[in-house]
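Each remark here refers to the structure printed beneath this line.
We did not get these values from a lab; they are worked out from the coordinates using the rules stated. Bear in mind that the values here come from a model prediction, so they are computed numbers and not experimental data. Note that each Cβ is placed from the backbone with ideal geometry, even for glycine, and that neighbours are counted across all protein chains shown.
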Amino acid sequence: MYVNSDLGFGEKDDGAVFSVTFDGVSSGYVFEETESGKVLGIEDGSVALGDSQTGFKLFSVTF
């Protein structure tokens, strides 16, 4: 299963391509869907694509 441009799941050929940019320590990472130019964000408690840039903090833990 792949994430498509409407944030649903689909086949590989329908998968969305995201550009991930580090926007600085205070802002975090920005995920832009390359076809539409919309950015991933949180709207009304849900993940959505929109015009308003949201920075996400990413963490990795290895044991």
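Some notes on this structure:
- Across the range 7-12, rounded Karplus estimates of 3J(HN,Hα) from the backbone phi angles (6.51 cos²θ - 1.76 cosθ + 1.60, θ = phi - 60°) give 6, x, 10, x, 6, 3 Hz, Gly and Pro being marked x.
- Taking GluC sites (Glu not before Pro) across the range 2-43, the ones in a DSSP loop with at most 13 further Cβ atoms lying within 10 angstrom of their Cβ are 11, 35.
- Calculated from backbone phi, Karplus (6.51, -1.76, 1.60) coupling profile of the range 41-57 in Hz, x at Gly/Pro: x, 10, 10, 6, x, 10, 6, 8, 9, x, 9, 8, 6, 10, x, 10, 8
- Given (i) 35, 34, 22; (ii) 40, 29, 24; (iii) 65, 36, 11, the label whose value is Cα extents along the principal axes in Å derived from this model: (i)
- Under 5 Å, built H, 5+ apart or other chain: amide partners of residue 27: none
- Remark on residue 38: its backbone amide H falls under 5 Å from those of 33, a criterion applied only to residues 5 or more positions apart or on other chains, H modelled at 1.01 Å from N.
- Assuming charge only on the beta carbon of Lys and Arg (+1) and of Asp and Glu (-1), the dipole of the chain about its Cα centre is about 340 debye to the nearest 20.
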